[in-house]
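Asker: A single structure is presented below for examination.
The values are calculated or read from the model by the stated rules, or taken from the named source; none is laboratory data. Bear in mind that the values here come from a model prediction, so they are computed numbers and not experimental data. Positions of Cβ are generated from backbone atoms using ideal geometry, with glycine treated the same way; all protein chains shown enter the neighbour counts. What goes into the accessible areas is simple: the full protein's heavy atoms, side chains included, and nothing from ligands, DNA or RNA. Shrake-Rupley method; radii C 1.70, N 1.55, O 1.52, S 1.80 Å.
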Amino acid sequence: MSGPGLVVTLDDAPGGAADGTNSDPRSGSGTDKGTVLAADVQIVTNALWRSGAEAIAVNGQRLSSRSAIRFAGSAILVNFRPLTRPYVITALGDPDSMTADFVGGDGGAYLAALHANFGIIVTTTTQSNLRVPGATTLTVIRAKPVRSPTPTPSTSGQETQP
């Protein structure tokens with residue numbers, strides 16, 4: 001899909017890149033607290049959906065109803081694909097209303113808190129011509145078509161007696 005929309009970019013705070021440990025960066029153990037987490041990407045993408053996004057991709061990975069955004073060690077995975085920073089979230093939709101709803105709502109408040117409390121680098125821009133790839137296809141293994149019952153045709157149009 002292509003069209004106008006909003007681009008939100010998240011990056012680790014300067015000096016906040018993960019050191020390769022598997023600990024939660026915000027728990028205070030192991031890594032710097034300025035690391036972008038999978039939960040951050042989840043919260044931002046959910047806020048974009050609520051703001052009217054029609055299609056969303058994260059670093060080129062299109063989100064669908066079956067997409068997973070999760071943490072595996074120090075990597076953020078989307079659709080089971082590891083992403084590298086910065087995390088670029090592309091959302092297609094009306095840029096004016098989506099920006100107003102997102103920036104003025106929970107999404108904007110969350111991004112402001114990430115920047116103020118953890119130094120995470122956040123940029124939000126509108127663009128007139130964005131592209132998101134198609135969603136990955138699903139393989140159906142056990143599905144069968146459902147056939148509706150068909151009425152029994154009568155030959156004469158009259159009821160028959162047994």
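Asker: With r defined as the distance between the Cβ atoms of E54 and K144 and R0 fixed at 30 Å, what FRET efficiency is calculated, to the nearest 0.05?
Answerer: Efficiency computed from Cβ-Cβ geometry: 0.40.
Asker: Roughly speaking, what is the stretch gain from S128 to A75, that is 0.36 nm per residue apart minus the C-alpha to C-alpha distance, in nm to one decimal?
Answerer: 16.0 nm
Asker: Can you give me the accessible area per residue for the range 34-101, using a 1.4 Å probe, in Å²? Spell out each step's value before the answer.
Answerer: On the way: 2980 Å² over 68 residues.
Normalised by residue count, the accessible surface of the range 34-101 is 44 Å².
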